1. Out of the residues in region 123-158 that are outside any helix (DSSP H, G or I) and of a type in the set (Val, Ile, Thr), state the one that is farthest from Pro58 (Cα to Cα).
2. Looking only at residues in region 225-243 that are assigned to a loop (DSSP other than H, G, I, E, B) and within 21 Å of the chain's Cα centre (by Cα), which one is nearest to Arg4 (Cα to Cα)?
3. In region 1-59, which residues are farther than 22 Å from Ile150 by Cα and basic (Lys, Arg)?
4. How do the helices (runs of 4 or more DSSP H) wholly within region 249-335 filter down when requiring 1 or more residues that are of a type outside the set (Asp, Glu) and in contact with a helix residue (DSSP H, G or I) (Cβ under 7 Å, 6 or more places away or on another chain): which remain?
5. Here are some conditions: (1) in contact with a Gly (Cβ under 7 Å, 6 or more places away or on another chain); (2) touching a residue at least 24 places away in the same chain (Cβ under 8 Å); (3) surrounded by 12 or more Cβ atoms within 10 Å (Cβ to Cβ). Ile235 meets all but one. Which one does it not meet?
6. Return yes when Gly261 is surrounded by 12 or more Cβ atoms within 10 Å (Cβ to Cβ) and over 27 Å from Ala242 (Cα atoms) and no when it is not.
7. Of Gly324, Gly276, which residue is closer than 30 Å to Ala236 by Cβ, free of Cβ contacts under 8 Å to residues at least 40 places away in the same chain and surrounded by 13 or more Cβ atoms within 10 Å (Cβ to Cβ)?
8. Go through region 104-135 and report how many residues are of a type in the set (D, E, K, R) and over 20 Å from Arg51 (Cα atoms).
Amino acid sequence: MVQRLFTREESRDVDRAAMDEFGVLGLVLMENAGRGATHAICQLFGERLGRVVLIGGPGQNGGDAWVIARRLTLLGHRPVAVLVGDVSRLGGDAQTNWALLGELGIETAEISPDDAASIGKHLANATLVVDGLFGTGLDRPITGGYADVIAAMDGAAAPLVALDLPSGLDADTGAIFGVAPHAALTVTFAGHKRGLHQYPGVEYAGEVRVADIGIPIESSPAASMWTRDDLGALIAPRAGDAHKGTNGHLLVIGGAPGKTGAAVLAGRAAFRAGAGLVTIGARSDARAALEEKVIELMTIALPDQADQAAVESLCEGKRAVVLGPGMGLDDLGRT
């Protein structure tokens, strides 16, 4: 199944639609996010739940972490929830879930972003770290105490699980806003984020899993992610009596002196994709060099002068044409 890749703004639109158009409460979305992340954590790190340290900020990403702390407690574990920031700044659904931790007797701590030494004490004996500091809404460099907290998380001996995406990673591009921790697992909510699948974000995300949080997604983001299985499904199985002549003939127009490799690579890729026959229409001054590189590929010379009719004649009988690889930037290549 093709995976949709959401930007920061597209993710916000999905959340807004869920609450404004479908009436899904934010508290329900946060509960579903925490439940999905807890399930993934227990699946992958079931032997490392002795002392899970969950670190969150005053925003809604921290609220997801507080849900996980509560759910791990209900499963018989003893997590520690650490709020980086002022508890008076907590609001909305995050405040509700933070308050529940106290009512259930779950160990909590509040530290200032400038008190990196305190965060180090909490991380020293952690068997697993959960990063709920910043979410997809982050769009500026992280500096000062928050940067120190992230560096401390990244330096902890225990593996790290990121919620939605590692704190400091740009959801749109995969760039790093100054600092970000390297996660062993990222549990992202509702759908994949572009930044998790673009470098350098890929190197920080670790394994990526999507948690379904009950959002009815009707929008189609501008980008999607295709896997090997997705591409394989597009290629129909060949009939038992098929041969190269029944599986399409591709013409690759390209290959200038010193640039024949681009045309060869395009032709080989066409064979890998299922083409039965491939012919490279190369410039005559490059064809001799091209002949030494090919075995399965056929070649034919392009006219020495710009001649549209002659080029069109080469296209006769072909199912598809690839134009341009290694064509060159001189006058003949441009025309």
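1. First pass over region 123-158, keeping only residues outside any helix (DSSP H, G or I): 125-143, 156-158.
Remaining after also requiring of a type in the set (Val, Ile, Thr): 127, 129-130, 136, 142-143.
Numbers: Thr127: 24, Val129: 18, Val130: 15, Thr136: 14, Ile142: 15, Thr143: 17 Å.
That would be Thr127.
2. Keep residues of region 225-243 that are assigned to a loop (DSSP other than H, G, I, E, B), which gives 226-227, 235-243.
Restricting the remaining residues to those that are within 21 Å of the chain's Cα centre (by Cα) gives 226-227.
Values: Trp226: 9, Thr227: 12 Å.
Looking at the filtered set, the residue picked out is Trp226.
3. Arg4, Arg12, Arg16, Arg35
4. Numbers: elements: 260-273, 284-291, 308-314, 331-334.
By residue number, 260-273, 284-291.
5. (3)
6. Values: surrounded by 12 or more Cβ atoms within 10 Å (Cβ to Cβ): yes; over 27 Å from Ala242 (Cα atoms): yes.
Taking the combined requirement at face value, the residue satisfies it.
7. Numbers: Gly324 fails: free of Cβ contacts under 8 Å to residues at least 40 places away in the same chain.
Among Gly324, Gly276, only Gly276 is closer than 30 Å to Ala236 by Cβ, free of Cβ contacts under 8 Å to residues at least 40 places away in the same chain and surrounded by 13 or more Cβ atoms within 10 Å (Cβ to Cβ).
8. We begin by selecting, within region 104-135, every residue of a type in the set (D, E, K, R); these are 107, 110, 114-115, 121, 131.
Remaining after also requiring over 20 Å from Arg51 (Cα atoms): 114-115.
So the count comes out to 2.
The values are calculated or read from the model by the stated rules, or taken from the named source; none is laboratory data. From a predicted model like this one, the values you see are computed outputs, not experimental measurements. Counting neighbours? That spans all protein chains shown, and the Cβs are built from the backbone with ideal geometry, glycine included.
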